[in-house]
Each structure stands twice: as C-alpha cells, then as structure tokens.
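Here's the structure, in structure tokens; my notes come after.
The values are calculated or read from the model by the stated rules, or taken from the named source; none is laboratory data. Note that the structure is a prediction, hence the values are computed from the model and not measured. Heads up, the Cβs are rebuilt from the backbone with ideal geometry, glycines too, and the neighbour counts pull from every protein chain shown.
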Amino acid sequence: MDENTEIITEETPADNRLGDFKKIAFKTGLFVTISFLLRIAATFLINGFYAAFEGILSETALYIIHLVLSALCLQIAPSVIGAAMFGLFSNKSEKLKEIYKIPNRCLKAVSNFAAVYGMGQIANILTMLVMLLITGGNDLNDSFNTATSLQPPDMASAWFLLFTLTVIAPVFEEFIFRGVLMDALKPYGNGFAIFVTGILFGIYHGNFNQLFYTATIGIALGYIANVTGSVFPTTIIHAMFNAVSGILLLLMTTPSVQNYVMNGSTEAIPDGDMIMILAFGLFMVTALVLILVGVVCAVLKIKQIKRYKVPKVWGEVSNGRKTAMLVLTIPSVIAVLLIIDTFAGFSDTLITKLLT
C-alpha cells in the first residue's frame, strides 16, 4: 500500500503538467476554430452588406464598412474571446500589464525590423517561385480566399486602410499571437510556443500568398517577444512592416501615379501632380534598399540565432508529441477542416452564390 502511494506521489506532478497541457491544447484548438468561424461570418456579413447596399452607398462608404467588419471579426472579436478564454480578464491576472510592458532594451528590439523584413521577403520570394512552378505562371491567388480586399477605390479609403494596417492589425494580432497564445504555450517550451504561434499567425491570414512569409515573420516576432517578455516592440515592428504595404497602396491610389505606372510616361500628367510621382519613385527606391539591407541583416541574424540554444522546458515530452497532442484535439481537427475551407474558398463561393 505504501509503495503504491509513493509511486502515485512521484508521478502526480508529471500527470498534472500533462493534464494542464491538454487543457491548453484544447483551448488553443477551440480558439482557432472560433477564429475561423468568425472569418466565415465576416465573409457572410461583407457579402451581405454589399448585396444590400451596393448602389445605395458610395464606393468609399462600402469599402470603409468592409474594413470595419473585417477588423471586428478578424482582429477585435478574436482578441476579446482569446483573452477571456485564457483568463486575462481575471481580477487576479497581471498578464495584461506584463504583455504590454516597455522592455529595457526596446529600441534595440525594434532595430531588428530590417532583419525581420528581410526574413519575410526571403520567404516571399521563395513562395513566388513555388507558385510559379505550381501554376505555370497563372495567378494562384484566384483559387484562394481572403476576407479583406486591399484595393482601395480612392484616397479616403486608402487612408483608412493605412490606419487599419498600421494600428488595428498590429495591436490586436500581436496581442492574440505573441501575447495570449504564446504566453499560454510558453510553460511547455519557449521554442515550441514560438513555432506554433508563428505557424498559426501565417495560417490566420487565410490565403496561400501570405502563408509562408507571415509565418516566417510570426516566428521572428515570437523570438523577439520571448527575449523581451513584451509585445510592445513586436507591435511597433509589425506596424512598420504593414506601413510599407499601406503607403505603397496609398500612393498607388493616386490617379497620377496610376497613370504613370500604367503608361510609363509623365507626358499626360499635370505639373502639379509630379510631386506624387517623385514621392512614388523615392518610396520604391527606399523599399528596394530596405529589401536588400533586410536580406543581409536577416542572414546575419539567422547565423547569430544558430548559436543560441533555447533552454529545454518540460523536456520529458518531445515537441513532436506536444504538436500531435495539440493537433489531435477535437477542436483542432474541426479547425483544420475550417482552415482547408478558408484556403480553398468553398464557404466564400457558396456565400457569394447565395447572396447574389
């Protein structure tokens, strides 16, 4: 009897750790499931809104409401739900303060922007090469679905898009992935938490074109958040990353820039609009330099990271087993089916047909 009691006592801590991880795995799968159901809801709401008000409201109003609905369903609602699911709204929880604390070496952390941008561009180039091989030059994006279109019809829409890209998306997405999810998974391995949340960040964007470079960026940002213990610097880096795309879209929305890009000539452009052409040219040169510098910084940073060994946490259970336990929960299996649906666009096509 005493012998049996001793065995149970020795195994209880390990059993508790395993049980706690199973709960976190279940919650993670459930959160991903809810998030992708919200994505389907966003598609339904956006298509329904366009079907009901197209021709009544202006194109600008429709586009801005489109962005608002996307932000509510894809970023704001998942953040609130995730925080509630993982106990961040508890009276005893200090995690919200910890997540957004300003680290001592914040500027140094933010200075990794060039390297993160370079890593993203390397992954982006590789993705384009793979797509070229798979599709034979056709646009693979036509076969995949994303809830938010990034083609603003005018300058007012472009400015609102820039706001959502540089404020709404970074704040809420960093909170979800580097804050809530990574914080929940870190007790079971820093490297495991960084990798899982990075991959989920890539999948969360809901289309093949963005999958690999956003996953790469997610892993890099996870590394920075883990080292600094805060999402404050990663939110800034994320905003800077999105600002590059947002400013490009803003400039491309200008009629004079569109005319220049389409015709390759400034003859038909009024002299007063030449400032926009100059700004576009300077921005493109700056972006090209940023890509080149970023790739070099990324290579150097990757070499440096190779020398860093993540300390083992809960090493008794391999990362492979942890991943299997995470993926094979019932909510995770449902989430995988919803992810396949999102990437293939089945629900999007069905909703569009029903509403039109």
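Based on this model, can you work out whether Ile334 counts as modelled with pLDDT of 75 or more, farther than 30 Å from Lys22 by Cβ, of a type in the set (A, V, I, L, M, F, W, C) and in a helix (DSSP H, G or I)? Criteria not met by Ile334. In segment 76-87, the count of residues that are within 21 Å of the chain's Cα centre (by Cα) and either part of a loop (DSSP other than H, G, I, E, B) or farther than 30 Å from Leu45 by Cα (or both) is one or more. Within the option set Leu67, Leu107, Leu62, being in a helix (DSSP H, G or I), under 25 Å from Phe36 (Cβ atoms) and either more than 21 Å from the chain's Cα centre (by Cα) or not aliphatic (A, V, I, L, M) (or both) holds for one residue only, Leu62.
Does any residue of segment 51-61 turn out to be of a type in the set (Phe, Trp, Tyr), surrounded by fewer than 20 Cβ atoms within 10 Å (Cβ to Cβ), at pLDDT 90 or above and touching a Leu at 6+ places or on another chain (Cβ under 9 Å)?
yes
Taking the numbered list (1) at pLDDT 90 or above; (2) more than 17 Å from Phe208 (Cβ to Cβ) in turn, Gly120 passes all entries but (2).
For segment 165-177, check the following and say yes or no: at least one residue is over 30 Å from Phe49 (Cα atoms), at pLDDT 85 or above and of a type in the set (Asp, Glu). Outline the logic, then answer.
We begin by selecting, within segment 165-177, every residue over 30 Å from Phe49 (Cα atoms); these are none.
No: segment 165-177 contains no residue that is over 30 Å from Phe49 (Cα atoms), at pLDDT 85 or above and of a type in the set (Asp, Glu).
Restricting the first member to segment 229-247 and to residues that are within 17 Å of Cys106 (Cβ to Cβ), and the second to residues that are outside any helix (DSSP H, G or I) and not aromatic (Phe, Trp, Tyr), the beta-carbon pairs closer than 6 Å and six or more apart or on different chains are Ser230/Lys101; Ser230/Pro103; Phe232/Ile102.
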